[in-house]
């Protein structure tokens, strides 16, 4: 299959129009030594029947766990059927970025609605049209904070998702921004350390809430400390269903809120595509990276939508742009929008179910011999337990068809034999009782 | 059209969730009241209205499935439906990125093989699939260049970028702290070698070059260009946005480039999704392999595994393994076409572009009159005589049921109209498009007002961009 419709006859006609005899003549401008003299060494092309057989067999080699307690930045939540059906309309997914406003009102309006949803959830004034994922959004937020404050240092809580930390460090290193680790103590960011590390050179402080260990941080108190020295507080939200339940980061003093929207209707997909969201205050409207859609009017006074404030962006401002981002995660933003429209205020029930079930499991596990619950503060839908041997625990569960938590020893040398468990509304009491039985 | 928020009726809903199976939930026993949110201001809509709302929005949009989309530099080819179906297999969608390697052998195999395919297609030593889009791949590439010089303890602060480059090139360089030096084009629309020689020195990491360039022209001096940069110890970066026309014909790795980013959503038919998600793999030659992002996927015997142990790696540019769902589509596409099919795709993208160029040449001013690769660039020079501009022509095309070409880019062509037909368009489609373009050229002469006030047949007329920027309204407030 090659999806090229031209017949031999048509190709000949086109040759004649152009004035060539052979297709090679079109490539005469490429030096002979640079022309590939053989066929690409790839598996031979396939018919659709063969293709499906081949790829379905690869998909079949992956193990799908019916029962899983693994989260850590990728969450299993219920996705109503209506979400995928609407998002898969090809008028959306085969379109390009909505630069031609008159023919792209659908996508533009959807982005405007998405921006509104993100603002409402985060309690912020404005949100952009999306970023690649939570980690790259966080990295861009760190750079944005240093541009606003003109101070090239950020404090990064070690209770931020380690893959996000790594991404922030990669971007900051490239930009000559110094990243200082802000340690945690018993599962939350150490405020004493924060006080010590805050000084006039710090442009931004990065806190995750709920943090990587599932615990809620003291955002209000942190915001006061950060603002005292005039730095920017960046709140990172990796599990955004939590926003339905807790006071918004905006209400608690955040200056920039970023996170990943995967929990809102996107399947696990082995890590992507997901979607980064970013929201901030009105005063930083010209500092935010990424696209923005605004509501305006057409020449006849009708409501219309358009990409706006593009003078921040790479295609206009080039090296002076607020970011290099072009393609973002538009279809995932649409997914988030449709998911949130479907759930509406019932998103709170998703959050309540997830949190209550998590506490149910944590309490029961903590009572088992040899298991200790580490979280000392309020936690949402993830928690950490210390066990005698993490690999033995995971293997026991695995043998019973259950995917256990993430082994934190992979990320933190001081957290060997610590497991991070996640529970969502999809986990049943039966499943939780089963793992308690297995581990008893 | 109303917003979803304006269709909200308290009490309506589109979702049913189960009751708690662990007894009544008392959140205030789990969380202090001071931390609990008071209201959640999301719309309440019934499922019928919800479906109609987003269906109507889709009908107010335009994709390749509705019609010809000759958007230059964006490679808006048809995306085979089988891609979508394969990416929707539960064996791919329901696996966790932090699952144990033994549980995700199929996914790791696909990842590994796709890297192998892209190595062969581009002629590079190694590929990383981690970046999420073209510009993300560019930034990753520039970070690799930076890491390479840091490792050699060389302090280089500048980067060379031709004036016709995509805006992402200078922006990606700035993201990595480099100062951009603009290189002029010559009268042929290619890199000016004298200007390159003058600016390439030991303070410069190298050159970012799009090939074929943004005028749709293959840089015929590519060998010399690479020599000039390499002679000063620099690296040559290939912006692979236009890879489509080179598939199976020529390989950037063989042309002398040191690294490349690909756009899987362009050349490899994973759709653009209305502006993403994409995937922007980077390919590198031997010099740059140690710096690639982690994890790398390795094959040990018959087992695939993730390897984080690369001391000189730049680290991570995003979470997990990149946009895996997009990779499944690109993998499906490459397996469907094979080497022969890819070459035919590349060749026919060039054939279609040259055919359009030849047919339109009598009616529109051609910026550079020579054989092009995958796209050709016209301008509004002839139409300006009647007071009609490129923007007007673009808007008029919408009335005839087409998407507009890329306009006002590259900036070195005043009033540029950049047309990229791709190989998946039939001759009939191209002929019909030519007829419409001729019709518009005639309208510019005979009824210029009609063109200047276009579009006339869309759901909205021209939108007020100035007002949108002056008083930004970025969210709905009741």
Of all residues in region A:46-56 being assigned to a helix (DSSP H, G or I) and facing chain B (nearest Cβ under 8 Å), which is surrounded by the most Cβ atoms within 10 Å (Cβ to Cβ)? A:55
Counting just the residues of region B:39-56 that are more than 14 Å from residue B:3 (Cα to Cα) and within 8 Å of chain A (Cβ to nearest Cβ), which one comes out surrounded by the fewest Cβ atoms within 10 Å (Cβ to Cβ)? B:41
Of the residues A:105, A:100, which is touching a residue at least 60 places away in the same chain (Cβ under 8 Å) and at the interface with chain B (Cβ under 8 Å from one of its Cβ atoms)? A:105
Only one of (1) in contact (Cβ under 8 Å) with a residue 24 or more places away in the chain; (2) closer than 30 Å to residue A:13 by Cα; (3) out of contact with any helix residue (DSSP H, G or I) (no Cβ under 7 Å at 6 or more places or on another chain) is not met by residue B:421, so which one is it? (3)
When residue B:414 is evaluated against the numbered criteria (1) farther than 14 Å from residue A:101 by Cα; (2) surrounded by fewer than 22 Cβ atoms within 10 Å (Cβ to Cβ); (3) touching a residue at least 60 places away in the same chain (Cβ under 8 Å), which criterion, by number, is the only one it fails? (3)
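Could you tell me whether residue A:346 is in a helix (DSSP H, G or I), at pLDDT 95 or above, facing chain B (nearest Cβ under 7 Å) and over 17 Å from the mean Cα position of the chain (by Cα)?
Yes; evaluated as a whole, the condition is true for this residue.
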Of everything in region A:391-425 that's surrounded by fewer than 18 Cβ atoms within 10 Å (Cβ to Cβ) and within 12 Å of chain B (Cβ to nearest Cβ), which residue is farthest from residue A:211 (Cα to Cα)? A:401
Do we have residue A:388 as assigned to a helix (DSSP H, G or I) and not assigned by TED's automatic domain parsing to the domain that holds residue A:272 here? no
Residue satisfying condition, being surrounded by 19 or more Cβ atoms within 10 Å (Cβ to Cβ), more than 26 Å from residue B:273 (Cβ to Cβ) and under 25 Å from the mean Cα position of the chain (by Cα), within set B:131, B:80, B:162: B:162
Scan of region A:308-320 for residues that are over 17 Å from residue B:133 (Cα atoms), at the interface with another protein chain (Cβ under 7 Å from one of its Cβ atoms) and touching a residue at least 12 places away in the same chain (Cβ under 8 Å), ordered by number: A:308, A:309
With the checklist (1) buried (at least 17 other Cβ atoms within 10 Å of the Cβ); (2) closer than 23 Å to residue A:98 by Cβ in hand, flag the one item residue B:367 doesn't pass. (2)
Only residues that are surrounded by 24 or more Cβ atoms within 10 Å (Cβ to Cβ) and closer than 10 Å to residue A:170 by Cα: list them for region B:315-327, please. B:316, B:317, B:318
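Counting residues that are more than 10 Å from every other protein chain (Cβ to nearest Cβ) and farther than 25 Å from residue A:26 by Cα, which helices (runs of 4 or more DSSP H) fully inside region B:159-273 reach at least 2?
B:193-199, B:222-231
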Would you be able to say whether some residue in region B:57-65 is more than 30 Å from residue A:215 (Cβ to Cβ), more than 7 Å from chain A (Cβ to nearest Cβ) and part of a helix (DSSP H, G or I)? no
Qualifying position, being at pLDDT below 95 and under 22 Å from the mean Cα position of the chain (by Cα), among A:239, A:313, A:319: A:313
Using beta carbons and a limit of 6 Å, which pairs, at least six apart or on different chains, have the first residue in region A:171-188 and within 14 Å of chain B (Cβ to nearest Cβ) and the second one at pLDDT 95 or above and assigned to a strand (DSSP E or B)? A:172/A:179; A:178/A:153; A:179/A:154; A:179/A:156; A:188/A:215
For region B:70-83, give me each residue that is more than 7 Å from every other protein chain (Cβ to nearest Cβ) and in contact (Cβ under 8 Å) with a residue 40 or more places away in the chain. B:70, B:72, B:73, B:75, B:77, B:83
Has region A:57-74 got at least one residue that is surrounded by fewer than 24 Cβ atoms within 10 Å (Cβ to Cβ), touching a residue at least 60 places away in the same chain (Cβ under 8 Å) and part of a helix (DSSP H, G or I)? no
Quick one: residue B:52 ticks every box in (1) at positive phi; (2) in a helix (DSSP H, G or I) except a single one, so which number is it? (1)
Total residues in region B:307-331, condition away from chain A (no Cβ under 11 Å) and either in a loop (DSSP other than H, G, I, E, B) or in contact (Cβ under 8 Å) with a residue 24 or more places away in the chain (or both): 5
Right, residue A:4: within 7 Å of chain B (Cβ to nearest Cβ), outside any strand (DSSP E or B) and under 34 Å from the mean Cα position of the chain (by Cα) or not? no
Over region B:105-116, the set of residues facing chain A (nearest Cβ under 8 Å) and surrounded by fewer than 24 Cβ atoms within 10 Å (Cβ to Cβ) is B:105, B:106, B:109
Matching residues in region B:84-98 - criterion: being crowded, with 22+ Cβ neighbours inside 10 Å and more than 7 Å from chain A (Cβ to nearest Cβ): B:87
Hits in region A:286-307 (condition: within 8 Å of chain B (Cβ to nearest Cβ) and either closer than 16 Å to residue A:97 by Cα or buried (at least 16 other Cβ atoms within 10 Å of the Cβ) (or both)): A:291, A:292, A:293, A:294, A:295, A:296, A:297, A:298, A:304, A:305, A:306
May I ask you to verify whether residue A:70 is touching a strand residue (DSSP E or B) at 6+ places or on another chain (Cβ under 7 Å) and modelled with pLDDT of 95 or more? yes
Residue among B:23, B:91 that alone is touching a strand residue (DSSP E or B) at 6+ places or on another chain (Cβ under 6 Å) and either outside any loop (DSSP other than H, G, I, E, B) or more than 25 Å from residue A:269 (Cα to Cα) (or both): B:91
If you go through region A:58-91, how many residues are over 22 Å from the mean Cα position of the chain (by Cα), more than 8 Å from chain B (Cβ to nearest Cβ) and farther than 30 Å from residue A:420 by Cβ? 0
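The values are calculated or read from the model by the stated rules, or taken from the named source; none is laboratory data. Everything numeric here is computed off the predicted structure, so don't read it as measured data. As a convention, Cβ positions derive from the backbone with ideal geometry for all residues, glycine included, and neighbour counts pool all protein chains shown.
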